[in-house]
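**Q** Below: one structure in structure tokens.
The values are calculated or read from the model by the stated rules, or taken from the named source; none is laboratory data. The shown structure was predicted, so the numbers you read here are calculated from the model rather than taken from an experiment. Neighbour counts run over all protein chains shown; Cβ positions are idealised from the backbone, glycine included. To get the accessible areas, we keep the full protein, side chains included, count just its heavy atoms, and leave off ligands, DNA and RNA. Shrake-Rupley method; radii C 1.70, N 1.55, O 1.52, S 1.80 Å.
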Amino acid sequence: MIHFRNVSKIYTGDVVALRDVNLDIGKGEFVSVVGQSGTGKSTLLKMIILEEKPTIGQVFFNERDVMTIGNREIPYYRRRIGVVFQDFKLIPKRTVFENVSFALEVAGKSNKEIKTNVGQILEIVGLSEKAIKYPTQLSGGEQQRVAIARALVHHPAVLVADEPTGNLDMINTWEIIELLVRINKLGTTVLLATHNKEMVDRLNRRVIALDKGNIIRDQLEGKYMI
Ligand SMILES: Nc1ncnc2c1ncn2[C@@H]1O[C@H](COP(=O)(O)OP(=O)(O)OP(=O)(O)O)[C@@H](O)[C@H]1O
Ligand SMILES: [Mg+2]
């Protein structure tokens, strides 16, 4: 589903963020990307969501070289990939329901469709009861669940989460990870970048370890171990 072929990313100032990365991620996988700060985790994820382009090499999504995706196609492409960040990026003046429904409104969906779809997604993330609350009325973990609900609204094939629990305490971290596992079980490929060793150990799924832009380990049912 996702393939990296000899991908290097060199930012201006000669910063080599990724070095000759080769990678294959199949449909339905749950993959954690680990490594110290500045080793290229976010850069790797940004290649997939088209926020950055490879300097050398190719990234394929469903057999398509992402560099061939034109500007007009990008919004459609991005609907197939949900994205969650460390800071939740919710709209403060909108309720939980409205934060999640926003992307569907923009996409021109009918009110009926929006109501059904958002209702189902809020149920998956366990926030049906909070639909009319505003972000400031929620805990950090709940806010992140709203962000996850928003990322799922177009039923993406892949959910990309960059340090989604970085701002959360242990309990909320586990709730979010359990939610990602549940989403993965429902068929969505999940790609998670994290520093959190304990979390990756407990997940016991595929781990890709980066060090200074190089993949130094890629193993199934891995542990953090670096
Ligand atoms: N837009 C940019 N311009 C120049 N250098 C950048 C840019 N973005 C990232 N870098 C550099 O590229 C390298 C990899 O950064 P990246 O954000 O991918 O690391 P990371 O593993 O996600 O780190 P963290 O764990 O701190 O989030 C770092 O040296 C960083 O300083
Ligand atoms: Mg990062």
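**Q** How many percent of the accessible area of region 117-213 is carbon or sulfur, using a 1.4 Å probe?
**A** On the way: 1930 of 3960 Å².
Answer for region 117-213 is 49 percent, counting heavy atoms of protein chains only.
**Q** Let me ask something else. Using a 1.4 angstrom probe on the protein heavy atoms only, could you order 47, 1 from most to least accessible area?
**A** Working: 47 0, 1 30 Å².
So the residues, ranked largest to smallest area, are 1, 47.
**Q** Hey, which of these cross-link pairs are over 19 Å Cα-Cα: 9/46; 89/109; 89/133; 9/53; 41/212? Let's see the in-between values first.
**A** Working: 9/46 11 Å; 89/109 22 Å; 89/133 16 Å; 9/53 8 Å; 41/212 10 Å.
Going by Cα-Cα distance, 89/109 fall outside the 19 Å limit.
**Q** Related question: In Å², what does the accessible area per residue of the chain work out to with a 1.4 Å probe? Write out the running numbers ahead of the final one.
**A** Working: 11180 Å² over 226 residues.
On a per-residue basis, the chain sits at 49 Å².
**Q** Would you compute, from DSSP H runs of 4+ residues alone, the mean residue ellipticity of the chain at 222 nm, taking -39500 (n - 2.57) per run and dividing by the full residue count, rounded to the nearest 500?
**A** Numbers: 7 runs with 73 residues, N = 226.
Calculated mean residue ellipticity at 222 nm is -9500 deg cm²/dmol.
**Q** Also, quick follow-up: About the Cα centre, and with charges only on the beta carbon of Lys, Arg (+1) and Asp, Glu (-1), how big is the dipole of region 73-226? Nearest 20 debye, please. Each step should come with its number before you reach the end.
**A** Details: 22 positive and 18 negative charges, 74 e Å.
With only Lys, Arg, Asp and Glu charged at Cβ, the dipole is about 360 debye.
**Q** Report the antiparallel proportion of the DSSP beta bridges in the chain as a percent, rounded to a multiple of 5.
**A** Working: 19 of 37 bridges.
Roughly 50 percent of the DSSP beta bridges within the chain come out antiparallel.
**Q** Sum up the charges of everything whose Cβ sits under 11 Å from the Cβ of residue 38, counting Lys and Arg as +1 and Asp and Glu as -1, but leave residue 38 out. It would help to have the intermediate numbers written out before the result.
**A** Details: positive: 41, 212; negative: 211.
Result for the local shell: +1.
**Q** For the ranges 122-128, 144-150, 110-116, what's the packing order if you count other beta-carbon atoms within 10 Å of each residue, average per peptide, and put the highest first? Please report the intermediate quantities before stating the final value.
**A** Details: 122-128: 17.6, 144-150: 26.1, 110-116: 12.0.
Output ranking for 122-128, 144-150, 110-116: 144-150, 122-128, 110-116.
**Q** When the chain is modelled as a GNM with alpha-carbon springs shorter than 10 Å, which of 136, 39, 173 fluctuates the most?
**A** Largest GNM mean-square fluctuation: 136.
**Q** Is the shape of region 54-197 best called rounded, prolate or oblate, per the rule: a/c under 1.5 gives rounded, else a/b larger than b/c gives prolate, else oblate, with a ≥ b ≥ c the square roots of the Cα gyration tensor eigenvalues?
**A** Working: a/c = 1.89, a/b = 1.23, b/c = 1.54.
It is oblate, given that a/c is not under 1.5 and a/b is not larger than b/c.
**Q** Work out the FRET efficiency for residue 219 and residue 5 from their Cβ-Cβ distance, taking R0 = 25 Å, and round it to the nearest 0.05.
**A** Values: r = 20 Å, r/R0 = 0.82.
So the FRET efficiency works out to roughly 0.75.
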